[in-house]
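Novice: One structure follows; several queries about it will come next.
The values are calculated or read from the model by the stated rules, or taken from the named source; none is laboratory data. Just so it is clear, the structure is predicted and the values come from calculations on it, not from any experiment. Positions of Cβ are generated from backbone atoms using ideal geometry, with glycine treated the same way; all protein chains shown enter the neighbour counts.
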Amino acid sequence: MKNLLKKKRVIIPVILISLLIAYWIIGKIQYRMNVMDVEEYEPISTLVVPKHELKRAKFPFIDVHNHQWTMPVQDLDKLIKEMDSLNMGVMVNLSGFRGKYLDWSLDNVNENYPNRFILFLNINFENLDDEGWPNETLSMMEEAVKQGVRGLKVYKGFGLTDKDNDGTRIAIDDPRVDPIWAKCGELGIPVLIHSGEPSSFWNPKDKHNERWLELKQEPSRYRDPSKVPPFEQVMSEQHHVFRKHPNTKFINAHLGWFGNDLERLGKLFDEMPNVYTELGAVLAELGRQPKFARAFLIKYQDRVLFGKDTYKMEEYYTYFRVLETGDEYFDYYRKRHAHWKMYGLELPDTVLKKIYYQNALQVIPGIDSTLFVQH
């Protein structure tokens, strides 16, 4: 009898412990079977708040950051219909390129809708060690402006991956490029410059990186610190150029990658009156900080232009909703850019007009202002 009791005292705890372990394992299995990553998780919010979904801007606007890659042969009729539906008065095609491509693009625009499109020139900075540099490029710029070009667009490869004949990275503030910036000032055309990327692209691709999803879906966007200069160095080089050329107007693309630090962008504006910015592909930064972003845009209302970047008509609707309405807790249109929700800024009409078109009319020459006089 005593042996039986001893066995029970041993067996019962073992059974109980085994059941608890089994229960824990089953729970873990059930949890793992229901695991999903942030790409798949799309919860439907139960929050009920007023909605003001807009498909047309309150005022006509100028999109200063657009790319139309086939403009030499593009049927512009369809694009104009879409622009009209959005209330886009003028589109700036930053991908004008140069040479025959530019000639054909200008011909297409001038023959069809000369007052609805503005073209920017693109140059090859990797030519700066060639025998004809910079005079040939400067002559090309002068001729392009005579043809109707209204600005210079600088792509992000400059300062990151563009190299000279020795294979050395060309710094943004390389003195060999100074004649280009000076010529833009002389010709009265702005430079829309994209330098760097979001600072998170330099950070470890781990659970702490808020751009983790974008780096997973677009791995080429990761900036390996062993291969490219640090984010702060790229920004420093760019700002050095702004300081060196106060007579040239610079449109610092994508909120200068300071959309997550608007106070820092404001200090840049305070120091450099020749610097402007635009909203292309960074609206999500404003939409997640509506109070501070609203105050910022009101304070610096003369320095911010409307831009979109990649063209897709439906994506403009979110821009209108963030800028014009006071809506709360709505989705951005691309999850990898914003896994968070948007909030409207409800900007005053006077500020909207400046961002939508008035500032662009001051910065970019040759835009037909009669398209906006009624407002």
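Novice: On the basis of being touching a helix residue (DSSP H, G or I) at 6+ places or on another chain (Cβ under 8 Å) and modelled with pLDDT under 95, does Pro225 make the cut?
Specialist: Yes.
Novice: Any idea how many residues of the range 213-261 are farther than 23 Å from Phe306 by Cα, free of Cβ contacts under 8 Å to residues at least 40 places away in the same chain and not polar (S, T, N, Q)?
Specialist: Adding up the residues that qualify gives 11.
Novice: Within the range 264-281, identify whether any single residue is among the hydroxyl-bearing types (Ser, Thr, Tyr) and touching a residue at least 40 places away in the same chain (Cβ under 8 Å), and answer yes or no.
Specialist: Yes, there is a match, as at least one residue in the range 264-281 is among the hydroxyl-bearing types (Ser, Thr, Tyr) and touching a residue at least 40 places away in the same chain (Cβ under 8 Å).
Novice: Looking at the range 221-256, which of the residues that are among the charged types (D, E, K, R) and assigned to a helix (DSSP H, G or I) is farthest from Asp173 (Cα to Cα)?
Specialist: Of everything passing the filter in the range 221-256, Arg221 is farthest from Asp173 (Cα to Cα).
Novice: Mind listing whichever residues of the range 109-146 are farther than 23 Å from Pro175 by Cα, charged (D, E, K, R) and surrounded by 15 or more Cβ atoms within 10 Å (Cβ to Cβ)?
Specialist: Correct list: Arg116 only.
Novice: Next question, about the same structure. Within the range 19-48, which residues are loosely packed, with under 10 Cβ neighbours inside 10 Å and either in a loop (DSSP other than H, G, I, E, B) or touching a Leu at 6+ places or on another chain (Cβ under 8 Å) (or both)?
Specialist: Result: Asn34, Val35, Met36, Asp37, Glu40, Tyr41, Glu42, Pro43, Ile44, Thr46, Leu47, Val48.
Novice: Turning to a different aspect of this structure: Condition check: buried (at least 18 other Cβ atoms within 10 Å of the Cβ) and touching a strand residue (DSSP E or B) at 6+ places or on another chain (Cβ under 9 Å). Does Lys163 satisfy that?
Specialist: no
Novice: Going through Gly196, Gly167 one at a time, which residue ends up being more than 21 Å from Thr310 (Cβ to Cβ) and at pLDDT 95 or above?
Specialist: None of the others qualify; the one that does is Gly167.
Novice: Glu53 is checked against (1) surrounded by fewer than 16 Cβ atoms within 10 Å (Cβ to Cβ); (2) in a strand (DSSP E or B) and fails just one. What number does that condition carry?
Specialist: Tallying (1) surrounded by fewer than 16 Cβ atoms within 10 Å (Cβ to Cβ); (2) in a strand (DSSP E or B), Glu53 fails exactly one: (2).
Novice: Kindly indicate which of Leu255, Leu297 is farther than 17 Å from Ser195 by Cα and surrounded by 22 or more Cβ atoms within 10 Å (Cβ to Cβ).
Specialist: Criteria check complete, one pass: Leu297.
Novice: Within the range 77-90, is there a residue that is buried (at least 18 other Cβ atoms within 10 Å of the Cβ) and closer than 20 Å to Pro190 by Cα?
Specialist: Yes, the range 77-90 contains at least one residue that is buried (at least 18 other Cβ atoms within 10 Å of the Cβ) and closer than 20 Å to Pro190 by Cα.
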